Amino acid sequence: MTKRNRHLSKRKKLAFYLIVLLIPAITISFLYVAYTAYRTNALYSYVKLNQRGWKGKVHRADPDLGFAPVPDSEGSEVFPIGDDIPVRFDKDGFRVPLDSGASEPINTRPVVLTLGCSFSYGAATSAENTYPFLVGRRLAGTTKNAGVSSYGLSQMMVLANKLVPIHKPDYLIVQYSPWLVDRAQNPFAPTYFGRVPTPYFFASHNEMALHPPVFQTRVLDLPIDRYRNPQRGLIDRVSFLWNVGLPLYIHDDFNLSIYAVRRMFGFLPEPVSDREQLTRFVYGEIAKVAKANGAKLVIVVLGNDYKPVPIPDGVFPAEAIVVNAQDDLLAHLPIVNQDNYEKAYSHWRGSPSRIVDSHPNESAHRIIAEAIVRAIQS
């Protein structure tokens, strides 16, 4: 065989090997894109039907909290029926009314700082009608609402350590609900779509420790707002797949695979399992930072149905004011059952009227605020 033939043979072999390698890679890539397109279709329909979510860049990824409000931002909370609810955060990331004027707070005493989840944030309710704002107004003081939807005890403790020494509140109002404990035991926050890792507690040498988010979320950086319109069609679907579906699922699938491997080989600690120990630890730590900065700790007990909220004995610090607002809400019902609870405290819209959100409505926030103010003043 001549040198020329040997050279051609090598080139043929190389081309053959490349084909052998490329065909499976191309096939796998095609199948993955097809599967991602299938998964994206449900998300596309969700957005086109204007289902629950957010408009505007009001949240961002955060290395300590998982996600956090964007300072000095405005947007809205989206509902499939009726008007959207305006959302505004001031320069410190506190929720404020849309027409609150300059973002610089007046800081009239007493200063009331609130920590909690969507119940304290005031999901589906305008800022001026939420219980944190009402408490501040009835005490003739200043409200700093640091409640954020989907937060749990882990973020609440991080924020207490960060915000209380800076803002020196007179009253530190901290929510207690059973699901806040659940979220502190889970590496991921509840979301409408996509994965949002959050800090979680684990046991280290018989002590509680906080593990940072296992990776940074991508869902808050996607241009979903661009597609909240009735326009549909092949070009729009392909655009949505390219700009939203593929970036989201590639990011989440890759990072979740790494997360699963790290869990499998023990590189990530398991979340703590003892709920009472976790609850006692977090509220004890928050009580310490409140006391060190001259704040009175107020713990507000809230549930999400017609049943009283069980509180394990001894989980709250002795010096805290405990306000069982759930009992106050139930006491206002003519007959305590789920139907009456939903009629009185859920958000109803449409004709015929139906529940669009089960978070506390304006009536519930007023009752909660009255219970807190009554406990503080007494």
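Considering only residues that are open to solvent by 50 Å² or more (accessible area, probe 1.4 Å) and among the hydroxyl-bearing types (S, T, Y), which ones fall in the range 337-378? Passing the criteria: S351, S353, S358, S378. Residues that are open to solvent by 70 Å² or more (accessible area, probe 1.4 Å), in a helix (DSSP H, G or I) and modelled with pLDDT of 95 or more do occur in the range 290-297, at least one of them.
Is at least one residue of the range 251-262 touching a strand residue (DSSP E or B) at 6+ places or on another chain (Cβ under 9 Å) and either under 30 Å from A320 (Cα atoms) or of a type in the set (D, E) (or both)? No, the conditions are met nowhere in the range 251-262. Every listed requirement among (1) open to solvent by 20 Å² or more (accessible area, probe 1.4 Å); (2) of a type in the set (K, R); (3) outside any helix (DSSP H, G or I) is met by R137 save one, (3). Only one of the numbered conditions (1) under 29 Å from the mean Cα position of the chain (by Cα); (2) modelled with pLDDT under 80 is not met by Y35, and that is (2). One residue stands out among those in the range 327-336 that are assigned to a loop (DSSP other than H, G, I, E, B) and open to solvent by 50 Å² or more (accessible area, probe 1.4 Å): the one that is nearest to Y306 (Cα to Cα), which is V336. Restricting attention to the range 151-196, the residues that are open to solvent by less than 10 Å² (accessible area, probe 1.4 Å) and either free of Cβ contacts under 8 Å to residues at least 24 places away in the same chain or part of a helix (DSSP H, G or I) (or both) total 9. Scanning the range 206-251 for residues that are among the small types (G, A, S), within 22 Å of the chain's Cα centre (by Cα) and not in a helix (DSSP H, G or I) yields one hit, A209. Say whether the condition of being in contact (Cβ under 8 Å) with a residue 60 or more places away in the chain, of a type in the set (S, T, N, Q) and either under 21 Å from E319 (Cα atoms) or touching a strand residue (DSSP E or B) at 6+ places or on another chain (Cβ under 7 Å) (or both) is met by at least one residue in the range 139-146. No, there is no match, as no residue in the range 139-146 is in contact (Cβ under 8 Å) with a residue 60 or more places away in the chain, of a type in the set (S, T, N, Q) and either under 21 Å from E319 (Cα atoms) or touching a strand residue (DSSP E or B) at 6+ places or on another chain (Cβ under 7 Å) (or both). Close contacts from the range 329-343, counting a first residue that is farther than 17 Å from S358 by Cα and a second that is assigned to a helix (DSSP H, G or I), with Cβ to Cβ under 8 Å and a gap of 6+ residues or different chains, come to H332/A344; H332/I367; P334/N340. Restricting P247, P212 to residues that are out of contact with any strand residue (DSSP E or B) (no Cβ under 9 Å at 6 or more places or on another chain), open to solvent by 20 Å² or more (accessible area, probe 1.4 Å) and at pLDDT 95 or above narrows the list to P247. Among the numbered conditions (1) buried (at least 16 other Cβ atoms within 10 Å of the Cβ); (2) more than 26 Å from the chain's Cα centre (by Cα), the only one that A318 does not meet is (1). Of all residues in the range 55-83, exactly one satisfies the criterion of being crowded, with 17+ Cβ neighbours inside 10 Å, under 22 Å from R354 (Cβ atoms) and in contact with a Ser or Thr (Cβ under 9 Å, 6 or more places away or on another chain), namely E77. In the range 263-289, the residue that is nearest to Y176 (Cα to Cα) out of those that are in contact with a strand residue (DSSP E or B) (Cβ under 7 Å, 6 or more places away or on another chain) and open to solvent by less than 20 Å² (accessible area, probe 1.4 Å) is Y283.
The values are calculated or read from the model by the stated rules, or taken from the named source; none is laboratory data. Predicted model only: the values in this text are computed from it and were never measured. Positions of Cβ are generated from backbone atoms using ideal geometry, with glycine treated the same way; all protein chains shown enter the neighbour counts. Heavy atoms of the whole protein, side chains included, go into the accessibility calculation; ligands, DNA and RNA do not. Shrake-Rupley method; radii C 1.70, N 1.55, O 1.52, S 1.80 Å.
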